[in-house]
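The values are calculated or read from the model by the stated rules, or taken from the named source; none is laboratory data. Just so you know, these numbers come straight off a predicted model, no measurement behind them. So basically every Cβ, Gly included, is an ideal-geometry build from the backbone, and we count neighbours across all protein chains shown. Remember, those area values only see protein heavy atoms, side chains included, never the ligands or the DNA or RNA. Shrake-Rupley method; radii C 1.70, N 1.55, O 1.52, S 1.80 Å.
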Amino acid sequence: MRQISRRARRIPPSATLRILQLSKQLRREGHDIISLSVGEPDFRTPEPIVEAAKKALDEGYTHYVSSRGMPELRDEIAGKMKEENKLDVRAENILVTIAKHGIFMSSEAILQHGDEVIVPDPGWVSYTPISIFTGARHVPLLAREEDGFEPSIEHLTEIVNGKTKMLVLNTPSNPTGAVYHMKTLKAIADLSEDYDFYVLSDEIYEKLVYGRKHISIASIGNMHERTITLNGFSKAYAMTGWRIGWITAPRHIIDTLDKIQQQTITCVPPFVQMAALTALRECSSHVESMRKEFNKRRVAAMGRVGEMMVLDAYTPKGAFYIFARYHADINSFDLAEHLIREYGVAVTPGGAFGPGGEGYIRISYANSMKNIMEGLKRIEKGISSL
Ligand code: GLU
């Protein structure tokens, strides 16, 4: 049989989804597994959102709609981006899509063979595989713990060059929990203007910040002309299974992405869009109470990690992850395997986030306080046993 394409053979499966599936499989086989791996709020989707979807189904929102997204939802999103993110945008600058698909489409739209794309290291598990798919060369941008996991601008200045076409930015950061300061964002913005590269700004965790302010890079100077801003409902509204997010970008980019959307997923299901509309209009207090609960867990989990001899961790300022350095002579993939199979606790190996993540594990605190504490106990035992 003839071979599948080289680019398809080169991309690895998603590390986060692999562990999620393994946890589910081990549970099905009767093992007691605590999952501190995948980044998925444990809360139920707020009731008004669920009700809006049911109503929309009853009212017949079950056919194709505009590939760009329903006009009322795009208007609402544009208003939100204007007010909260300080971006001067209209509905024509918005495309409703699935957030991860939006990263894929944007990368396909901008990158090609011969280009370079700068990706955070450590950075979310899918940025590099998606850039491999485009044929571009990915160049890791180190973000070290001693710098609060913000990227070193000195390093960025060294790696940027005439071939750099795009930089992937993710603040608040998955997996480190860093929330970048204005100084860092301004420096990136300056380099983006000097070297004429796009910024793909993944702001999916914007609502989950603790004592820091989230800044959208597109709001700085003329960055709106060269920034594709990604966001979604999954993390803020506990809507991971609904698969809906949006892109904010200059009109000509949205037009291009719309063509790709038309040729791929057509549109996001309309009853899901109606639910998302209700999320934006009615659920800010739900988001805030989930954020407060995440914050309580963050503080408690960090307190517990602080007592351990086997882990050290930077205090995350956003998202719902602790990126912890472990003290044991084992690589992070083997450690994660050991922890799930021998101690019944799932974590994500730091190495899955790039070479800069080796020596770390990512612990998600998007789980109940009880499970977090039990999970941390198992991690402590599992590492101590080595
Ligand atoms: N983004 C989440 C995580 O890092 C969900 C899974 C995924 O899409 O990678 O765990």
Legend entry - Count - residues of the range 1-37 that are within 16 Å of the ligand (Cβ to nearest atom), among the β-branched types (Val, Ile, Thr) and within 28 Å of Gly135 (Cα to Cα): 3
Inset, instruction - Show the residue pairs that are 6+ apart or on different chains and have beta-carbon atoms under 7 Å apart, the first residue being within the range 90-108 and free of Cβ contacts under 8 Å to residues at least 24 places away in the same chain, the second being away from the ligand (no atom under 16 Å from the Cβ). - result: Arg90/Ala78; Ala91/Pro71; Ala91/Arg74; Ala91/Asp75; Ala91/Ala78
Legend entry - Verdict on His224 being under 25 Å from Ile98 (Cβ atoms) and out of contact with any strand residue (DSSP E or B) (no Cβ under 8 Å at 6 or more places or on another chain): yes
Inset, instruction - Note down all Cβ pairs under 9 Å where the first residue falls in the range 129-154 and is among the acidic types (Asp, Glu), the second is part of a helix (DSSP H, G or I), and they're at least six residues apart or on different chains. - result: Glu150/Lys183; Glu150/Thr184
Legend entry - Of all residues making up the range 361-377, the number that are among the basic types (Lys, Arg) and part of a helix (DSSP H, G or I): 2
Legend entry - Qualifying position, being open to solvent by 10 Å² or more (accessible area, probe 1.4 Å) and within 26 Å of Asp88 (Cβ to Cβ), among His286, His224: His224
Inset, instruction - Report, by residue number, each residue of the range 302-336 that is out of contact with any strand residue (DSSP E or B) (no Cβ under 7 Å at 6 or more places or on another chain) and within 16 Å of the ligand (Cβ to nearest atom). - result: Ala319
Inset, instruction - Name every residue in the range 115-172 that is of a type in the set (D, E, K, R) and more than 18 Å from the chain's Cα centre (by Cα), in order of residue number. - result: Asp115, Glu116, Arg137, Arg144, Glu145, Glu146, Asp147, Glu154, Glu158, Lys163, Lys165
Inset, instruction - Output the number of residues of the range 310-330 satisfying the condition of being of a type in the set (Asp, Glu) and part of a loop (DSSP other than H, G, I, E, B). - result: 1
Legend entry - Residues within the range 73-99 that are open to solvent by 70 Å² or more (accessible area, probe 1.4 Å) and in a helix (DSSP H, G or I), tallied: 4
Legend entry - Residue match in the range 42-50 (condition: open to solvent by less than 80 Å² (accessible area, probe 1.4 Å), touching a helix residue (DSSP H, G or I) at 6+ places or on another chain (Cβ under 7 Å), within 16 Å of the ligand (Cβ to nearest atom) and of a type in the set (D, E, K, R)): no
Inset, instruction - Restrict the check to the range 351-360 and report whether at least one residue is surrounded by fewer than 23 Cβ atoms within 10 Å (Cβ to Cβ) and in contact with a Phe, Trp or Tyr (Cβ under 6 Å, 6 or more places away or on another chain). - result: yes
Inset, instruction - Run down Ala275, Ala279, Ala301 and say which single residue is among the small types (Gly, Ala, Ser), at pLDDT 95 or above and either open to solvent by 50 Å² or more (accessible area, probe 1.4 Å) or over 18 Å from Ile94 (Cα atoms) (or both). - result: Ala301
Inset, instruction - Look at the range 147-187 and say how many of its residues are among the β-branched types (Val, Ile, Thr) and surrounded by fewer than 24 Cβ atoms within 10 Å (Cβ to Cβ). - result: 6
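Here is a yes/no grid of residues against (1) closer than 16 Å to Ile19 by Cα; (2) more than 16 Å from the ligand (Cβ to nearest atom):
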| site | (1), (2) |
| --- | --- |
| His338 | yes, yes |
| Tyr343 | yes, yes |
| Gly354 | no, no |
| Ser364 | yes, no |
| Asn367 | yes, no |
Legend entry - Criterion: touching a residue at least 12 places away in the same chain (Cβ under 8 Å), in a helix (DSSP H, G or I) and open to solvent by 10 Å² or more (accessible area, probe 1.4 Å) - qualifying residue of Glu193, Glu206: Glu193
